[in-house]
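Read the structure below first, then the notes.
The values are calculated or read from the model by the stated rules, or taken from the named source; none is laboratory data. All figures in this text were calculated on a predicted structure; none of them were measured in a lab. Reconstructed Cβ throughout: ideal geometry from the backbone, glycine too, with neighbour counts over all protein chains shown. SASA here: full protein model, heavy atoms, side chains in, ligands and nucleic acids out. Shrake-Rupley method; radii C 1.70, N 1.55, O 1.52, S 1.80 Å.
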Amino acid sequence: MQITRLPVADALASLRTSPRGLDSSEASKRREEFGPNRLEEAAAKPIGLRLLREFTHFFAVVLWVAAGLAFVAGARDPAGGMWQLGFAILAVILVNGVFSFLQEYRAERAIAALRGLLPAQVKVMRDGALQSLPVDVLVPGDLVVLEAGDRVPADCRVIEAQALRVNLATITGESLAKARNADTAPGGEALEAKNLLLAGTSLVSGEGRAVVYATGMHTEFGRIAHLTQTAGETGSPLQREIARLSHLVAVFAAVLGLGFFAVGTLLGLPFWANAMFAIGIIVANVPEGLLPTVTLSLAMATQRMAKRNALVRHLPSVETLGSTTVICSDKTGTLTVNSMSVKEVFPAGADTADGHLARGARHCHTLKRGRRDGLDGWLGDPMEVALAEFGHRHAASERATQVGEIPFDSDRRRMSVVVECGGRRRLYCKGAAEVVLDLCGRASRDGLELPLDDAQRRQVSQAQDAMAAQGLRVLGFAHRELQADEVADERDLVFDALVGLRDPPRAEVPEAIARCRSAGIKVVMITGDHPHTALAIAREIGLVRTDAPSVIHGDALRRMSVSQLQLALDAGEILFTRVTAEQKMRVVEALKRKGHVVAVTGDGVNDAPALKAAHIGIAMGIAGTDVAKEAADMVLLDDNFASIVNAVEEGRAVFENIRKFLTYILTSNIPELVPYLAFMLFAIPLPLTIIQILAVDLGTDMLPALALGAERPHGALMQQPPRGASERLLSWQLLARAYLWLGMLQAAMAMSVYFFVLGDGGWTYGDLLVATDPLYLRATTACLAAIVVAQVVNVFGCRHPVLSATRFPLASNPLLLFGVLAELVLILLIVYTPAGNAAFGTAPLAWAPWALMAGLAVLFGLLEECRKWLVRRRPGWRA
């Protein structure tokens, strides 16, 4: 039988314990059977296997193959520079593998944070005496003693309670404290049982005793921890796009290499010479710098986002947020300030200094004075704190002593205190508005006590309904004068006022919601709070603008099938209320099945499974628990929902920037490939060596590519809908522009300069040139330099695929100027220093090739500007 249904004596008997608690020997036996009261880690893969996985994903395999081919070619031709290329590729694999591996410790840190929410010591009845013991020694059957401010160490059945109220926010997300007592309760969920205390929650008022019935991973808290451990990691859209790009690059490079090998065989080239050139073709088309460039670009974006109060813990999350289509937001502490305050009083003027309302609010509570956040203040239920502070602001100072109390009871739904002041005794009562009103026969108005007739009762009820419609927590206040020997009871009270309290929304949230709407992002509120409260807040912040939004209660959600839930999510405005941790995660999974990219905000333990299951989890940095922060991909340092919108803008810019530097680095593949094609088809000296390709891919191109990754978001980004699921990072338009237009122009430029130098040196078609011939060295140097100079112009053209380069001020991206300067310095070092000549097979150039390069580079830039101008003239184009 459920322990909630059993009377106290039977509950103790069912756990084979008594009011004296367990004896030490029995407790030791049970600890061996049930284990320590702590959260256990889920079985994890061996660290070696996890590390190995980071070096065996598809793109890593492509790079391994490229490095292997480079070493094979280096063994056949040690002077060809292939050894250096092979080691450079290995360095790329190492850097990316180690960085990815470091992300694997997030789950372990999350469990450590969960353990931190359980108290270190707890007061326990053992051997008939009250003892302070470590929390991990608790076993089922132990009796614990708790008071206001204590954190509950395990799942317990209450056996004694005095004005006991508990904060369930870490488990349910609900902000209002709940009363708990020792009475039997009908069967149902543990979260709803009024005689249970759950691990990880805390007492805000009162004191009591409780018997432990579940410990460690068997508690509700442990079940949430298990959900957090087992929730699968969700690959980001960028990770999937990089994987797709890796496959395309591998297939493209392999097809080209095999094609060139076949052509060489038909032309009668020797096998090893033919194989060397095929390897060169494959290596030339594998963008070795892609992953480090993407990684560093994302890291730079995280720095910009940190300045805007969004701390990213997982790099791919930057871009994921930019593609978000739905944000599932918690209410308490995320959309609201998580602080109760008095919003409205009825009748108006009842809060004056000589009124009974202010005095009642001042005295009618169970709070204690203490230190909170380093300051002296009230400790206890946030609602009572708000009322007490309200009472002290509005009530005149008086010397009063509390001489009696009728504690709060969930069935009575009210509490009362008896106060003695100046020889007079007075009872103050507060509780549910309708309950208090039923106890009143008169009403206090302007210092007079008047009969409370039916018309006035209807007026009070209408005022209560109006407050509730605003999402306010409505309480009624009343009082009664007591004679010296009169028994203090709650009868024939004088009605004083209604008070409406609320947890107000953050001031900046309405604008953030509006920006989400203009950006095509749907915001769904998911909260453990009451439907009326949630709906009122949603209307105030602009999340709900229609008369009939869809408000789904947790009970209704529990009864929904998978298909019913997915259909319900089609509603334009939707709120989920009174939801549990599993239900929140279920909503997230349903949205993912519908093809949405889902971001989830949260701050409590109950949010951790959904934060981990979402494409991106966003935790609150100030009010959020450590559990939520460790399960999340991003932490808002200012707990400001508006910071999410700023982060979305940065995330969208990241995707565009990756496309920009993809265009930039892929463009140089064509001028690297065409020399091999010309060498094989036309029997000319090879215009570009493998080591010179390495100089471009992992040398001169890197900093300008990074600079493109640091471009600031332009103004129109947040006026566009989220990127469609079918929109690819590597689109056909991007490939056509990079390969068939920019790349071909660069190849023509590089080959023109190459033949200019050969012709200027007296070379004629058919002449053979050895690798050490000074003319050959100058010609290949000119080809390499021409590619670099063309890329200098290209980096400015790649700042936008359609808008003119003149639209973007140079000062807006200082890194771009630095990257171009570094690129020019590097090519000059390669061309004019002995070390550069020896490492890359180059030779110094005269001024004439540079002049030709400059002229062709200007022509290259003008042709690209003409293309952009023609595109902008098309109807329907947009920036």
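Has segment 426-440 got any residue that is hydrophobic (A, V, I, L, M, F, W, C), under 41 Å from the mean Cα position of the chain (by Cα) and over 18 Å from residue 348 (Cβ atoms)?
Start the filter on segment 426-440 by keeping residues that are hydrophobic (A, V, I, L, M, F, W, C), which leaves 427, 429, 432-433, 435-437, 439-440.
After this cut, where a residue has to be under 41 Å from the mean Cα position of the chain (by Cα) as well, the list is 432-433.
If we keep only those that are over 18 Å from residue 348 (Cβ atoms) as well, we get 432.
The answer is yes; a qualifying residue exists.
Scan segment 375-398 for residues that are touching a strand residue (DSSP E or B) at 6+ places or on another chain (Cβ under 8 Å), at pLDDT 80 or above and more than 15 Å from residue 163 (Cα to Cα) and jot them down.
385, 386, 387, 388, 389, 390
Exactly one condition in (1) without any contact (Cβ under 8 Å) to a residue 12 or more places away in the chain; (2) within 32 Å of the chain's Cα centre (by Cα) is false for residue 740; which is it?
(2)
What do you reckon, is residue 861 part of a helix (DSSP H, G or I), open to solvent by 40 Å² or more (accessible area, probe 1.4 Å) and farther than 30 Å from residue 77 by Cα?
Details: part of a helix (DSSP H, G or I): yes; open to solvent by 40 Å² or more (accessible area, probe 1.4 Å): no; farther than 30 Å from residue 77 by Cα: yes.
No: the conditions fail for residue 861.
Kindly provide the set of residues from segment 655-703 that are more than 25 Å from residue 90 (Cα to Cα) and more than 46 Å from the chain's Cα centre (by Cα), ordered by number.
If the condition is that a residue be more than 25 Å from residue 90 (Cα to Cα) and more than 46 Å from the chain's Cα centre (by Cα), then 675, 677, 678, 679, 680, 681, 682, 683, 684, 685, 686, 687 are the ones that fit.
Can you tell me how many residues within segment 461-480 are open to solvent by less than 10 Å² (accessible area, probe 1.4 Å) and part of a helix (DSSP H, G or I)?
1
Are there any pairs with C-beta distances below 9 angstrom linking a residue in segment 44-58 that is over 13 Å from residue 97 (Cα atoms) to a residue that is modelled with pLDDT of 70 or more, with the two at least 6 apart or on different chains, and if so which?
Listed by first residue and then by second, the contacts come to 45/53.
Looking at 480, 426, 457, can you tell me which residue is modelled with pLDDT of 90 or more, in contact with a His (Cβ under 8 Å, 6 or more places away or on another chain) and over 20 Å from residue 163 (Cα atoms)?
Details: 480 fails: in contact with a His (Cβ under 8 Å, 6 or more places away or on another chain); 457 fails: in contact with a His (Cβ under 8 Å, 6 or more places away or on another chain).
It is 426.
Out of the residues in segment 727-740 meeting the condition of being assigned to a helix (DSSP H, G or I) and open to solvent by less than 80 Å² (accessible area, probe 1.4 Å), tell me which one is nearest to residue 324 (Cα to Cα). Talk me through it step by step, then tell me what you get.
First pass over segment 727-740, keeping only residues assigned to a helix (DSSP H, G or I): 732-740.
Now restrict to residues that are open to solvent by less than 80 Å² (accessible area, probe 1.4 Å): 734-739.
Values: 734: 23, 735: 25, 736: 28, 737: 27, 738: 28, 739: 30 Å.
Across segment 727-740, the extreme among qualifying residues is 734.
List every residue pair whose Cβ atoms sit under 7 Å apart, with the two residues 6 or more apart in sequence or on different chains, where the first one lies in segment 812-823 and is farther than 12 Å from residue 699 by Cα and the second, anywhere, is among the acidic types (Asp, Glu).
Short answer, once both residue conditions are applied: 813/711.
Please report, ordered by residue number, the strands (runs of 3 or more DSSP E) entirely within segment 98-203 with at least 3 residues that are open to solvent by 20 Å² or more (accessible area, probe 1.4 Å), within 25 Å of residue 365 (Cβ to Cβ) and modelled with pLDDT of 70 or more.
Working: elements: 121-126, 129-134, 143-147, 155-167.
Output list reads 155-167.
In segment 834-845, what residues are open to solvent by less than 60 Å² (accessible area, probe 1.4 Å) and hydrophobic (A, V, I, L, M, F, W, C)? Before the answer, list the steps.
Taking segment 834-845 as the starting set, the residues that turn out to be open to solvent by less than 60 Å² (accessible area, probe 1.4 Å) are 836-837, 839-843, 845.
Passing the criteria: 839, 840, 843, 845.
Which pairs turn up if I take residues in segment 380-401 that are surrounded by fewer than 16 Cβ atoms within 10 Å (Cβ to Cβ) and look for partners that are among the acidic types (Asp, Glu) with beta carbon separation below 6 Å, at least 6 apart in sequence or on another chain?
Matching pairs, first to second residue: 401/420.
For the subset of segment 2-29 comprising residues that are assigned to a loop (DSSP other than H, G, I, E, B) and either without any contact (Cβ under 8 Å) to a residue 12 or more places away in the chain or among the charged types (D, E, K, R) (or both), which member is farthest from residue 157 (Cα to Cα)? Explain how you work it out, then say what you get.
From segment 2-29, those assigned to a loop (DSSP other than H, G, I, E, B) are 2, 6-7, 15-21, 23; that's our starting set.
Subsequent filtering for residues that are either without any contact (Cβ under 8 Å) to a residue 12 or more places away in the chain or among the charged types (D, E, K, R) (or both) retains 16, 18, 20, 23.
Values: 16: 14, 18: 13, 20: 15, 23: 19 Å.
For segment 2-29, the residue satisfying everything is 23.
What do you reckon, is residue 689 in contact with a Phe, Trp or Tyr (Cβ under 9 Å, 6 or more places away or on another chain), among the polar types (S, T, N, Q), at negative phi and open to solvent by 20 Å² or more (accessible area, probe 1.4 Å)? It would help to see each step written out before you state the result.
Working: in contact with a Phe, Trp or Tyr (Cβ under 9 Å, 6 or more places away or on another chain): yes; among the polar types (S, T, N, Q): yes; at negative phi: yes; open to solvent by 20 Å² or more (accessible area, probe 1.4 Å): yes.
Yes; evaluated as a whole, the condition is true for this residue.
Specify which of the listed residues (489, 438) is at pLDDT below 90 and open to solvent by 30 Å² or more (accessible area, probe 1.4 Å). Walk me through it before giving the result.
On the way: 438 fails: at pLDDT below 90.
From the options 489, 438, the qualifying one is 489.
For residues in segment 73-84 being surrounded by 15 or more Cβ atoms within 10 Å (Cβ to Cβ) and part of a helix (DSSP H, G or I), which is modelled with the lowest pLDDT?
Within segment 73-84, the subset surrounded by 15 or more Cβ atoms within 10 Å (Cβ to Cβ) is 73-74, 77, 80-84.
If we keep only those that are part of a helix (DSSP H, G or I) too, we end up with 73-74, 80, 82-84.
Numbers: 73: 71, 74: 73, 80: 58, 82: 65, 83: 74, 84: 69.
Once the filter is applied, the top-ranked residue is 80.
Find the residue count for segment 755-812, including only residues that are aliphatic (A, V, I, L, M) and outside any helix (DSSP H, G or I).
Filtering segment 755-812 for residues aliphatic (A, V, I, L, M) gives 757-758, 768-771, 775, 777, 779, 782, 784-790, 792-793, 795, 802-803, 805, 810-811.
Keeping just the survivors that are outside any helix (DSSP H, G or I) gives 768-771, 802-803.
Counting residues in segment 755-812 that are aliphatic (A, V, I, L, M) and outside any helix (DSSP H, G or I) gives 6.
Quick test of your reading of the structure: residue 406 fulfils all but one of (1) in contact (Cβ under 8 Å) with a residue 40 or more places away in the chain; (2) over 27 Å from residue 438 (Cβ atoms). Name the failing condition by number.
It fails just one condition, (2).
Specify the residue that is nearest to the chain's Cα centre (by Cα); the eligible residues are those in segment 774-833 that are open to solvent by 70 Å² or more (accessible area, probe 1.4 Å) and under 27 Å from residue 762 (Cβ atoms).
828
Of everything in segment 441-460 that's in contact (Cβ under 8 Å) with a residue 60 or more places away in the chain and open to solvent by less than 70 Å² (accessible area, probe 1.4 Å), which residue is nearest to residue 488 (Cα to Cα)?
Only one residue tops the list, namely 444.
Has segment 699-713 got any residue that is over 27 Å from residue 867 (Cα atoms), modelled with pLDDT under 85 and open to solvent by less than 50 Å² (accessible area, probe 1.4 Å)?
Keep residues of segment 699-713 that are over 27 Å from residue 867 (Cα atoms), which gives 699.
Right, trim to modelled with pLDDT under 85 and you get 699.
Applying the additional criterion that residues be open to solvent by less than 50 Å² (accessible area, probe 1.4 Å) yields 699.
Yes, some residue in segment 699-713 is over 27 Å from residue 867 (Cα atoms), modelled with pLDDT under 85 and open to solvent by less than 50 Å² (accessible area, probe 1.4 Å).
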